[in-house]
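**Q** My structure is below; once you've seen it, I'll send some questions.
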Amino acid sequence: MPQLLVTVVNYDFERNAELLLRVFRRSFPTLLIDADSPRPPRGTDISIPNTYYPGLWNEAVHQAINGNYEWLLFIASDVQLRNPKQLEPCINEACANESIGVWTPSVHRASRCASKLVFTRNSGGLRQCSYAEGFCFMARTSILKQQHPLPSWNKSGWGVDVVTSWLATEAGYKVCVDDRPLVYHPRARHRHRIERDPAYDDLTRYCAEFGLDEAARDRFFYSDYEQLQLEQAV
């Protein structure tokens, strides 16, 4: 069994959080972290104040570091699993691959998702991308330590996933999406919506703290842009 901790992080999706907990706990050490939800899910292991994504991310990474886990799998409780039986073998395979630093299951094309290269492509296996989305990813704890704890000024958490993948790449690891498992990320509920402009300011400032200004981000994402352009030209 890999040295992996799974964290299901929840605010206001108690039923799916309980389902995710049951699925992952069959195979891996799993914690359910709740951010002061109106209806906390059954089986909650840790309750924290609601400081949005950064608070849940900080607690999940804290637990992985304190438990001396090599890997952390972080999944938000609004994420739906489309073929859960594929998860365990694919996770085990990724953890055993010394070249991988960040891993993500593929994402259904109808999902709310910024990284177009993580959309499912039916390749039947692993392929590289620039970054994995923050709502469902697995990363080496040694990478996440470099970001922990997130700064209190980053209210939205935008940019955190970009920096995680960039740090992995800088360390010589691959960022990979796996087309065998599939997840769906629904549109945000109206009461959960984030104001885009302040969130983008968070992203810009956070990335810049790690040396990723706008030009550096463009260079980092160039392979994604190039691949998408080639596909559109076919």
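The values are calculated or read from the model by the stated rules, or taken from the named source; none is laboratory data. From a predicted model like this one, the values you see are computed outputs, not experimental measurements. So basically every Cβ, Gly included, is an ideal-geometry build from the backbone, and we count neighbours across all protein chains shown.
**Q** Give me the residue from region 58-83 that is assigned to a loop (DSSP other than H, G, I, E, B) and of a type in the set (Asp, Glu) and, out of that set, surrounded by the fewest Cβ atoms within 10 Å (Cβ to Cβ).
**A** So, considering only residues that are assigned to a loop (DSSP other than H, G, I, E, B) and of a type in the set (Asp, Glu), the one surrounded by the fewest Cβ atoms within 10 Å (Cβ to Cβ) is 70.
**Q** Looking at 205, 196 in this structure, which one is farther than 21 Å from residue 80 by Cβ, of a type outside the set (Val, Ile, Thr), at pLDDT below 95 and surrounded by fewer than 16 Cβ atoms within 10 Å (Cβ to Cβ)?
**A** Of 205, 196, the one residue that is farther than 21 Å from residue 80 by Cβ, of a type outside the set (Val, Ile, Thr), at pLDDT below 95 and surrounded by fewer than 16 Cβ atoms within 10 Å (Cβ to Cβ) is 196.
**Q** Could you tell me whether any residue of region 80-101 is under 18 Å from residue 158 (Cβ atoms) and modelled with pLDDT of 95 or more?
**A** no
**Q** May I pose another question? Quick one: count up the residues across region 19-49 that are closer than 16 Å to residue 67 by Cα and among the small types (Gly, Ala, Ser).
**A** Qualifying residue count for the region: 0.
**Q** Determine the pairs where a residue that is without any contact (Cβ under 8 Å) to a residue 40 or more places away in the chain, located within region 95-115, has a partner that is part of a loop (DSSP other than H, G, I, E, B) and surrounded by 11 or more Cβ atoms within 10 Å (Cβ to Cβ) with Cβ atoms under 8 Å apart, the partner being 6 or more residues away or on another chain.
**A** Note: pairs meeting the criteria are 109/120; 114/133.
**Q** If you don't mind, there's one more thing I want to ask. Can you tell me which of 152, 223 is touching a Pro at 6+ places or on another chain (Cβ under 9 Å) and hydroxyl-bearing (Ser, Thr, Tyr)?
**A** 152
**Q** Also: Just give me the residues in region 208-234 being among the acidic types (Asp, Glu), part of a helix (DSSP H, G or I) and at pLDDT 80 or above, in sequence order.
**A** 209, 214, 218, 224, 226
**Q** While we're looking at this one, here's another question. Identify, from the list 123, 165, the residue that is polar (S, T, N, Q) and out of contact with any Asp or Glu (no Cβ under 7 Å at 6 or more places or on another chain).
**A** Just one listed residue meets the conditions, 165.
**Q** Report yes if residue 77 is among the small types (Gly, Ala, Ser) and more than 12 Å from the chain's Cα centre (by Cα), otherwise no.
**A** No: the conditions fail for residue 77.
**Q** May I pose another question? Would you kindly identify the strands (runs of 3 or more DSSP E) lying entirely within region 97-189 that contain at least 3 residues that are out of contact with any Cys (no Cβ under 8 Å at 6 or more places or on another chain)?
**A** Hits in region 97-189: 136-140, 174-184.
**Q** Could you say which residue among 146, 227 is without any contact (Cβ under 8 Å) to a residue 24 or more places away in the chain and of a type outside the set (Val, Ile, Thr)?
**A** Of 146, 227, the one residue that is without any contact (Cβ under 8 Å) to a residue 24 or more places away in the chain and of a type outside the set (Val, Ile, Thr) is 146.
**Q** Now, a different point. Just the residues that are among the hydrophobic types (A, V, I, L, M, F, W, C), touching a Leu at 6+ places or on another chain (Cβ under 7 Å) and surrounded by fewer than 20 Cβ atoms within 10 Å (Cβ to Cβ), please, taken from region 29-57.
**A** The answer is 46, and nothing else.
**Q** Which of the residues belonging to region 156-171 are more than 17 Å from residue 133 (Cα to Cα) and in contact (Cβ under 8 Å) with a residue 60 or more places away in the chain?
**A** The answer is 171, and nothing else.
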